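The values are calculated or read from the model by the stated rules, or taken from the named source; none is laboratory data. It should be emphasised that the depicted structure is a prediction, and the values quoted were computed from it without experimental measurement. Here the Cβ positions follow ideal geometry from the backbone for every residue, glycine too, while neighbour counts run over all protein chains shown. Calculation scope for accessible area: heavy atoms of the full protein, side chains included, ligands and nucleic acids excluded. Shrake-Rupley method; radii C 1.70, N 1.55, O 1.52, S 1.80 Å.
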Amino acid sequence: MDGTPLNMTTLLVVALAVVAVIFVLKKRYDSNVPLLFYAVAVTFSNASDHSVNPFLLYSGLAFALLLRFEFMNLGFAKVISFFATSSLCLIIYVFLHEVFGDGSAPF
């Protein structure tokens, strides 16, 4: 990590993702923080050379949007929450690998 502004911005996006993971793990499904993260991540991924696999990014966004529904039963909400949390953690891993690794996305 050489301290470039792009790497620092990537770390700020990762910090927002960690806050989103905490909100999802605390079962605050009505929070807008995961949706805010995905808005920032999509914008950042399109505007910079640090990119995330679009399938991972947009499927995570779909799971975050599904969590907003209040009529899901407990079992289905747990499954969707697991997928949303997993996609957030994978996006965190990809961004951190691009900053601290060799600069390429792992997948």
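Working only within region 8-40, note down all residues that are among the β-branched types (Val, Ile, Thr) and more than 19 Å from Leu66 (Cα to Cα).
Restricting attention to region 8-40, the residues satisfying the condition of being among the β-branched types (Val, Ile, Thr) are 9-10, 13-14, 18-19, 21-22, 24, 33, 40.
Once the filter is applied, which keeps residues that are among the β-branched types (Val, Ile, Thr) and more than 19 Å from Leu66 (Cα to Cα), region 8-40 yields Thr9, Thr10, Val13, Val14, Val18.
Just for region 1-27: of the residues that are more than 19 Å from Ala84 (Cβ to Cβ) and touching a residue at least 40 places away in the same chain (Cβ under 8 Å), which one is least open to solvent (accessible area, probe 1.4 Å)? Write out each step before concluding.
Step one: of region 1-27, the residues more than 19 Å from Ala84 (Cβ to Cβ) are 1-12.
Still in the list and also touching a residue at least 40 places away in the same chain (Cβ under 8 Å): 1, 6-7, 10-11.
On the way: Met1: 112, Leu6: 57, Asn7: 16, Thr10: 0, Leu11: 48 Å².
Out of the qualifying residues, it is Thr10.
Within region 63-94, work out how many residues are open to solvent by less than 50 Å² (accessible area, probe 1.4 Å) and over 13 Å from Val21 (Cβ atoms). Let's see the steps before the verdict.
Of region 63-94, the ones open to solvent by less than 50 Å² (accessible area, probe 1.4 Å) are 64, 67, 72, 75, 77, 80-81, 84-88, 91-92, 94.
Of the ones still in play, those that are also over 13 Å from Val21 (Cβ atoms) are 72, 75, 77, 80, 94.
Total meeting the criteria: 5.
Residue under question is Asp30, and the condition is that it be open to solvent by 50 Å² or more (accessible area, probe 1.4 Å), among the charged types (D, E, K, R) and either assigned to a helix (DSSP H, G or I) or within 16 Å of Asn7 (Cβ to Cβ) (or both); does it hold? Please lay out each step first, then the result.
Working: open to solvent by 50 Å² or more (accessible area, probe 1.4 Å): yes; among the charged types (D, E, K, R): yes; either assigned to a helix (DSSP H, G or I) or within 16 Å of Asn7 (Cβ to Cβ) (or both): no.
In short, no.
Could you list, in sequence order, all residues of region 53-79 that are assigned to a loop (DSSP other than H, G, I, E, B) and modelled with pLDDT of 90 or more?
Of the residues in region 53-79, the ones assigned to a loop (DSSP other than H, G, I, E, B) are 53, 68-73.
Across region 53-79, the qualifying residue is only Asn53.
Among the residues of region 33-56, write down those that are open to solvent by less than 40 Å² (accessible area, probe 1.4 Å) and closer than 15 Å to Gly103 by Cα. Outline the logic, then answer.
Let us first name the residues in region 33-56 that are open to solvent by less than 40 Å² (accessible area, probe 1.4 Å), namely 33-34, 37-38, 41-42, 44-45, 48, 50, 52, 56.
Selection gives Ser45, Ser48, His50, Val52.
Just to be sure before I move on: is Phe83 among the aromatic types (Phe, Trp, Tyr) and either within 18 Å of Leu12 (Cβ to Cβ) or modelled with pLDDT under 95 (or both) in the structure I sent?
no
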